[in-house]
Amino acid sequence: IVADAGAGNTDHGISASPLVVDNTVVVLPGGGNGHSVVAYDRQSGKRVWSALDDPAAYSSPMLVTLAGVRQILISTATRVVGLSPENGTLLWEFPWRTPNAAAQPLITAPDRVFISAETDAALLQLAAGADGQLSARELWRTTRMNNKFTSPVLLDGFIYGLDEAILSCIDASTGDLKWKGGRYGYGQVMLASGHLIVLTEQGELALVRADPKAHQEITRFPAIEGKTWNHPAMSDGILLIRNIEEMAAFDLRK
């Protein structure tokens, strides 16, 4: 896809997952001349549409509905945008210069999206004008949820995530910090049954209550060896974790 778009690879390699939308596969090669985002026919591989000139960041495209409009939500190296799934038309944009962004945007309400990176974070509200054109305005900005490698999660109006290397909780409506505690390195966070499963950079697993009142770590133990930047996955109560050295599975059903 890099060669097809006439693009150069990113410093750390493309990490955006492809997104299957209807009959297309959407990818982010980050090429110029309208080839930053490309949609291929899922059966033939032929290019269906392409859009934008933005260099790629490290997060993945998402299919969402915001302000009542179905769209592809993308964080590039220079802005956050919504594109039409049908033809790649730009629906709205918001300047957000984060070339190293890896965190996924987080939908907090039908018309609101939380964006974060290594320097700061913001909550955007989308609305349609009289002409039907979508626009985004910033409701608040904070430096208390700087997600560098990991993506935040939302529960009952509160956002939980790693602010750099420390687990934090902020109010999704105001951006106010509720608490900050526990060092986990550049790990990953998953939400499950009212709890946060944190896979630390050192390969430890921690279980933390998703409670806005205080940081409450229930347990923490070594799980795998070596630097761990990979996101965990869950299937039927089995937690799967891995890094470049090894992989492990834990039964969380009991």
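The values are calculated or read from the model by the stated rules, or taken from the named source; none is laboratory data. Not measured: the values here are computed from a predicted model. Cβ atoms come from the backbone with ideal geometry, glycine included; neighbour counts cover every protein chain shown. Accessible surface areas use protein heavy atoms only, side chains included; no ligands, DNA or RNA. Shrake-Rupley method; radii C 1.70, N 1.55, O 1.52, S 1.80 Å.
Listing for the model above:
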| item | result |
| --- | --- |
| Whichever lysines have a C-alpha closer than 29 Å to that of Lys46, once near sequence neighbours (fewer than 8 apart) are set aside | none |
| Binned Cα-Cα distances of the range 1-57, short to long, each 10 Å bin given as a whole percent | 28, 55, 17, 0 |
| Compactness relative to 2.2 N^0.38 Å, alpha carbon Rg of the range 173-237 | 1.16 |
| Solvent-accessible area, 1.4 Å probe, carbon plus sulfur percent, for the chain | 49 |
| Cα lying deepest toward the dipole's positive end in the range 96-254, options Ala102, Gly181, Ala130, charges on Cβ | Gly181 |
| Two-decimal Rg to Rh for the chain - Kirkwood Rh, Cα set | 0.98 |
| Residues of type lysines that Lys180 reaches as a straight line, Cα spacing below 22 Å, ignoring anything fewer than 8 places off in the same chain | Lys148, Lys213 |
| Lys, Arg +1 and Asp, Glu -1 on Cβ, resulting dipole of the chain about Cα centre, debye, nearest 20 | 300 |
| Directionally averaged shadow of the range 7-98, computed from the convex hull of its alpha-carbon atoms, nm² | 5.6 |
| Within the chain, helix-based [θ] at 222 nm, where runs of 4 or more DSSP H residues each add -39,500 (n - 2.57), nearest 500 | 0 deg cm²/dmol |
| Top positive-direction residue, dipole computed over the range 164-254 with Cβ charges, set Ala165, Ala248, Trp229 | Ala165 |
| Calculated from backbone phi, Karplus (6.51, -1.76, 1.60) coupling profile of the range 154-169 in Hz, x at Gly/Pro | 10, 8, 6, x, 10, 9, 10, x, 8, 7, 6, 10, 10, 5, 9, 9 |
